[in-house]
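First comes the structure, then the notes that go with it.
Derivation of every value follows stated rules applied to the coordinates shown; laboratory data play no part. What you are looking at is a predicted structure, and each value in this text was computed from that prediction instead of being measured. All Cβ positions, glycine included, derive from the backbone under ideal geometry; neighbour counts span all protein chains shown.
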Amino acid sequence: MDQAFLDNSLWRNIYCVLAGESTGCAARDYSVGLLPGGMEWLAFVLAAAAIIGLVINAVLGSVIVLIWGERRLFGRFQSRTGPNRWGPFGLLTSVADAVKTMFKEDLVPAEADRILFNLAPVLIAAPALLVFSVIPFGVGTYVADLNIGVLFIMAITSLTTLAVLTAAWSSANRIAILSALRSVALLVSYEIPMALAVVGVIMLAGSMSLGDIIQAQGIPFILVQPLGFFVFFLAAMAEMARAPFDLTEAESELAAGYLNDYASMKFGLFFLAEFMAELSTSAIVTTLFLSGWRGFDPIPSQFWFIAKLIAVLFLIIWFRMTLPRLRVDQVLKFAWKGLFELTMINIIVTAILIAIWPQPTTTELWYMAAINWPVAFVSIWLVSKLLGTAAYEKPHPTADSPEYPVGSESIPASSALIIDPVQEGGD
């Protein structure tokens, strides 16, 4: 077993219980394993299967809790009753929804491409799960620590565009195809500023490994990179198709959008992928900008990670419930004429600061934060002015224009319609 795997507490605690007699495990005070000597390969396979199953089931269980929590928060935000019928405080509502969805009739359009139609729900759910394979949940608690973790996340999440287009095209529905094309325009537009917003974080950490990025955060990067966080958060909201960027499911003109023809568990997978994307986005924001699992002893590092993730989830839900849906032209204009320019400013300022402090200490990171916050406020203000609607001139009536009375006044003679009684009588 490679030393990097044994440094991972998840791998070590499962693999060494199975193959305790191996050299690496024996050096870490594991003596007897459940499997006989020479079966290390089987121990590796079983450990990998156990970890994969653990992570997948943890994510799926978290989605059920998230759906319940989001509905309860919606009730609070909108001053209405949240789910409260199934289970105490409505805790079993998400379970009831899952059971109901599983037993619904699975319909497939007659003209649909059945292979692609069935493949699309898997394509859209897989990226959200794969993201968690590189997220560090705590000290030595991760599935894999890639030295290109950030690049892996950017590549995996971009597969959502392909899944959306596949779902719409395979259903042979004009409305679904129109929604997918609009979705592709939105996703491609926001992938660029989202990737560029992370450049400042990579420059400060000097690595694309998520573990190294967490270790580099002497102070959370949200304080050092406020502009990068601002752009990344908004771009991530658009990538998730969450309000106010939910143009792919605009009920007023596109019904259910690209998944209009899906039913039963195929529709459930799309619904599941949306909430898994919410979880994965919160985990990425926590890792890149909130110093991940770092906190104060003796509280476990996993607790700090989960607490920060829940805080980001609350912010996402609050953001969704506050802002109305934007038009498609406003969304695209905001990406190309707003967020893109902000990422360029952030990269240039970060490059200048790193040229001054090549290996920033915690004190120097505070200096960077003191510089970046005014830059962020000024940049956002300038871009908002450039993107804002032009001021309308207050109309003033001209002297010769007729004045129309309000309901409590009589019509002046100058505005009354005079009818000639001779003409009214006719010939």
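Remarks
- Amide H contacts under 5 Å for Val143: Ile135, restricted to partners 5 or more places along the chain or on a different chain, H placed in the peptide plane at 1.01 Å from N.
- Environment charge of Leu116, counting only residues whose C-beta is closer than 14 Å and scoring Lys/Arg +1, Asp/Glu -1: -1
- The order of Tyr142, Tyr367, going from fewest to most other C-beta atoms within 10 Å of their C-beta, is Tyr367, Tyr142.
- Over 18 Å [Cα-Cα, region 133-207], rounded percent: 55
- Placing a label point 7 Å from the Cα of Ile192 along the Cα-to-Cβ direction, the residues of region 318-351 whose backbone N falls under 20 Å from that point are 327-349.
- The Cβ shell under 9 Å around Pro244 holds other residues with a net charge of +2, Lys and Arg each +1, Asp and Glu each -1.
- Length released on extending from Lys385 to Thr141, taking residue separation times 0.36 nm less the Cα-Cα span: 83.3 nm
- The slack in the chain from Leu42 to Met203, taken as 0.36 nm per residue of separation less the alpha-carbon distance, amounts to 53.9 nm.
- Local charge for Ala167 was computed over the other residues whose Cβ lies under 10 Å away, with Lys and Arg +1 and Asp and Glu -1, and equals 0.
- Spatial separation of Cα centroids for region 185-240 and region 79-101, in angstrom: 35
- Of every Cα-Cα pair in region 53-106, the percent that sits beyond 19 Å: 36
- Counting neighbouring Cβ atoms within 10 Å and putting the fewest first, the residues Trp336, Trp304, Trp41 line up as Trp41, Trp336, Trp304.
- Stokes-Einstein diffusion for region 107-387, with the hydrodynamic radius set to the Kirkwood value over Cα pairs and evaluated at 25 °C in a medium of 0.890 mPa s, equals 125 µm²/s.
- Cα-based reach from Lys266 at 16 Å (exclusive), listing lysines while leaving out same-chain residues under 8 positions away: Lys100, Lys104
- With both labels modelled 7 Å from their Cα along Cα-to-Cβ, the Leu107 to Leu91 distance reads 3.7 nm.
- Annotation: amide H of Leu323 has no partner in the under-5 Å range at sequence separation 5 or more or interchain, hydrogens built in the peptide plane.
- In this label model, Leu181 and Ser264 are separated by 3.2 nm, measuring between points 7 Å along each Cα→Cβ vector.
- Placing pseudo-labels 7 Å out from each Cα toward the beta carbon at Leu151 and Asn57 gives an inter-label distance of 3.5 nm.
- For a straight C-alpha distance cut-off of 21 angstrom, the lysines reachable from Lys394 (same-chain residues fewer than eight places away being disregarded) are Lys385.
- Residues Phe377, Phe245, Phe137, sorted so that the one with the fewest Cβ neighbours within 10 Å comes first: Phe377, Phe137, Phe245
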